[in-house]
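See below for the structure under consideration.
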Amino acid sequence: MQYVLLIHEPETESYPQGEADPAWHAILQAHTEYGGQMHGAGVFVGGAGLKSASLATTVRVTPQGRTVHDGPFAETREQLGGLYMIDVPDLDAAIDWAKRLPIAGNGSIEIRPLLPPPPMPG
């Protein structure tokens with residue numbers, strides 16, 4: 001079964017200097033090692049880190065139409081910082097991988113099962 005591990009953390013607390021912060025480089029190395037473990041176990045499907053939430057653009061959909069906003073739309077302390085897609089036997093295995101996922105400070109890892117892809121026309 002495929003799951004996505006969504007990494008939520010307060011980026012301003014974890015990396016106050018952004019990509020120039022030594023903590024950012026240390027966590028990047030930890031993610032490189034973690035990804036290597038996933039590859040070695042044959043569970044890695046995909047994933048990526050995300051640039052700062054300050055660079056986000058949100059398209060808001062309402063009955064009145066669609067509007068574009070700078071930055072993330074949600075008001076929250078934690079931002080989505082990255083994700084991993086994994087293919088494991090069950091939720092317990094996904095939880096095990098999530099518990100090992102490196103986070104620089106305080107944060108959370110949301111585990112969500114993926115829907116099967118829609119059938120391709122043709």
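The values are calculated or read from the model by the stated rules, or taken from the named source; none is laboratory data. Because the structure is predicted, anything quoted here is derived from the model rather than measured. Virtual Cβ from ideal backbone geometry, glycine too; neighbours counted across all protein chains shown. Surface accessibility is based on the protein's heavy atoms, side chains included, excluding ligands, DNA and RNA. Shrake-Rupley method; radii C 1.70, N 1.55, O 1.52, S 1.80 Å.
General observations
- When region 104-122 is filtered for residues that are among the small types (Gly, Ala, Ser) and open to solvent by 70 Å² or more (accessible area, probe 1.4 Å), only Gly122 remains.
- Gln17 at pLDDT 85 or above, touching a helix residue (DSSP H, G or I) at 6+ places or on another chain (Cβ under 9 Å) and open to solvent by 90 Å² or more (accessible area, probe 1.4 Å): no
- Condition met for Thr67 (in a strand (DSSP E or B), of a type outside the set (Gly, Ala, Ser) and exposed (fewer than 13 other Cβ atoms within 10 Å of the Cβ)): yes
- Members of region 70-91 found to be charged (D, E, K, R) and either modelled with pLDDT of 95 or more or in a strand (DSSP E or B) (or both), listed by number: Asp70, Asp87, Asp90
- If the condition is being touching a strand residue (DSSP E or B) at 6+ places or on another chain (Cβ under 9 Å) and open to solvent by 50 Å² or more (accessible area, probe 1.4 Å), then region 89-103 contributes Leu91, Ile95, Lys99.
- Residue in region 40-63 that is aliphatic (A, V, I, L, M), touching a residue at least 24 places away in the same chain (Cβ under 8 Å), in contact with a helix residue (DSSP H, G or I) (Cβ under 8 Å, 6 or more places away or on another chain) and open to solvent by less than 40 Å² (accessible area, probe 1.4 Å) present: yes
- The residues of region 30-52 include none that are over 14 Å from Leu83 (Cα atoms) and either touching a Ser or Thr at 6+ places or on another chain (Cβ under 8 Å) or assigned to a strand (DSSP E or B) (or both).
- If the condition is being assigned to a helix (DSSP H, G or I), in contact (Cβ under 8 Å) with a residue 24 or more places away in the chain and among the charged types (D, E, K, R), then region 92-116 contributes only Arg100.
- The single residue among Gln37, Gln2 that is touching a strand residue (DSSP E or B) at 6+ places or on another chain (Cβ under 6 Å), surrounded by 12 or more Cβ atoms within 10 Å (Cβ to Cβ) and either modelled with pLDDT of 85 or more or farther than 18 Å from Glu78 by Cα (or both) turns out to be Gln2.
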